[in-house]
Amino acid sequence: MNYIGSKYSLLDFLQETIEGVTGYKTGDPYVFADLFAGTGIVGRTFKQNGCSVIANDIQHYSFSLNKHFIENVPEMDDSLLEHFNSLEPRKGFVYMNYCSGSGSGRNYFSDENGMRCDAVRMELEELRSKGEIDEGTYFYYLASLIDSIDRYANTASVYGAFLKKIKNTAKRPFFLELLPVIVGKKGKVYNEDINELVKRISGDVLYLDPPYNTRQYCANYHVLETISRYDAPELSGVTGLRDLSRQKSRFCSKKRALEALDDLIRNADFSYIFLSYNNEGILKLDSIKEIMSRYGDYSFFTREYRRFKADKDANRNIAADSTTEYLHCLKKG
Ligand SMILES: C[S@@+](CC[C@H](N)C(=O)[O-])C[C@H]1O[C@@H](n2cnc3c(N)ncnc32)[C@H](O)[C@@H]1O
């Protein structure tokens, strides 16, 4: 998934630094927590490397992706794929609210693809409520639906706005494709505010990848959130936002991020903590250093990083094509 802040291109840097600082090697069975998990790419990588992974994210679409990547292990039942892809299109919540043919005034998907998405989503819920599929299978197909439908979205990048005309990639008929099943130990996934969850868990390595700026993920990915929850929320405004009041992150607030970080590090019962952040985020290098140093031995490593393409929007006044990624490290005392 093309996700804001995804660490896909920084995986080598993360693995090398974490191994260098902790002395743990690939294959060592330590507990690795990825608690701002997003797409799940970091936790997936450490699961593959032999870790017991705990993943968490406040967004439900991320929870669904991680339920599959972290909790499912081979062999999963892929025999329903053909069934899902041959369902009759249905006029459900996605078509009625995110497609223009329904009169919603919104154009996030072509009419046909919105109805195909509804057909898969409704069938999945029906199979689960009848007890015909178990939880693992449910999240296997739900995660695959979220990942697949995102590739047919009629947006410039995120769901903050839709395009007026249906673009070519959004015109292609939607087909569900299955995500890979990650080999490794079955982990544990949560869908909570990190500052609450951290008080109840413990482990060896805590990896933190909070939002870097004031743009809330709940607003940028609200359509995926609703497809994941499928809870028929009341939508408002031209872009059809759901109520975001309970999902707003303190890490996106200039006033509250510092206090939230301090609370998080203080309550974390982990031997090592690693925090990804860049040189343009709302928290300054010195403030992070100051907070982390309160709790043990602190160091940091850097890597140049090419900017996510949505950041190039004309109305954002940032000139450079690359940013400096920091990995802040703490050995808790
Ligand atoms: C920079 S992204 C993580 C990207 C992820 N490492 C990846 O590679 O895909 C930050 C994530 O933190 C989540 N988040 C923000 N505030 C949170 C909070 N208070 N508790 C839990 N998750 C939160 C967002 O939903 C978002 O998915």
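The values are calculated or read from the model by the stated rules, or taken from the named source; none is laboratory data. Predicted model only: the values in this text are computed from it and were never measured. Virtual Cβ from ideal backbone geometry, glycine too; neighbours counted across all protein chains shown. Areas reflect the complete protein model, heavy atoms only, side chains present, ligands, DNA and RNA absent. Shrake-Rupley method; radii C 1.70, N 1.55, O 1.52, S 1.80 Å.
List of remarks:
- Whole-angstrom gap from region 41-94 to region 183-232, using each part's C-alpha centre: 14
- Rg/Rg_ref, region 173-227, where Rg_ref = 2.2 N^0.38 Å and atoms are Cα: 1.56
- Gain on full stretching of the segment that runs from residue 262 to residue 245 - 0.36 nm per residue minus C-alpha separation: 3.8 nm
- With the alpha-carbon atoms of region 87-203 aligned to their principal axes, the span from lowest to highest coordinate is 49, 34, 24 Å, starting with the largest.
- Think of the chain as having a plus end and a minus end, set by charges on the Cβ of Lys, Arg, Asp and Glu; of 129, 222, 278, 278 sits farthest toward the positive end of this dipole.
- Label point 7 Å beyond Cα of residue 85 along Cβ direction - residues of region 101-121 with amide nitrogen under 18 Å: 113-121
- For the chain, calculated [θ]222 nm from helices alone, where every DSSP H run of n ≥ 4 adds -39500 (n - 2.57): -9500 deg cm²/dmol
- Assigned charges on the beta-carbon of Lys, Arg, Asp, Glu; region 20-150 dipole about Cα centre (debye): 420
- Karplus (6.51, -1.76, 1.60) ³J(HN,Hα), θ = phi - 60°, over region 177-186, in Hz, Gly and Pro reported as x: 10, 7, 6, x, 9, 8, 6, x, 6, 5
- Computed about the Cα centre, the dipole magnitude for region 49-119 is approximately 380 debye when only Lys and Arg (+1) and Asp and Glu (-1) carry charge, each at its Cβ.
- Look at the dipole of the chain built from charges on Cβ: of 117, 72, 51, the Cα furthest out on the positive end belongs to 117.
- Think of each Lys and Arg Cβ as +1 and each Asp and Glu Cβ as -1; about the Cα centre, that makes the dipole of the chain roughly 1020 debye.
- Unsatisfied cross-links (Cα-Cα over 25 Å) in the set 248/331; 186/332; 199/248; 7/165; 255/289; 25/186: 248/331; 186/332; 7/165
- As a calculated quantity, the FRET efficiency between residue 200 and residue 280 at R0 = 22 Å, using C-beta atoms, amounts to about 0.10.
- The fraction of accessible area contributed by carbon and sulfur in the chain is 48 percent, rounded to a whole number (1.4 Å probe; ligands and nucleic acids excluded).
- Debye-formula intensities of the chain, expressed as log10 I(q)/I(0) at q = 0.12, 0.13, 0.15 Å⁻¹, are -0.87, -1.01, -1.29 (one equal scatterer per alpha-carbon, no solvent).
- Heavy atoms of residue 300: accessible area, 1.4 Å probe, square angstrom to 10: 80
- Taking every alpha-carbon pair under 8 Å whose residues sit at least 6 apart, region 49-177 reaches a relative contact order of 26 percent.
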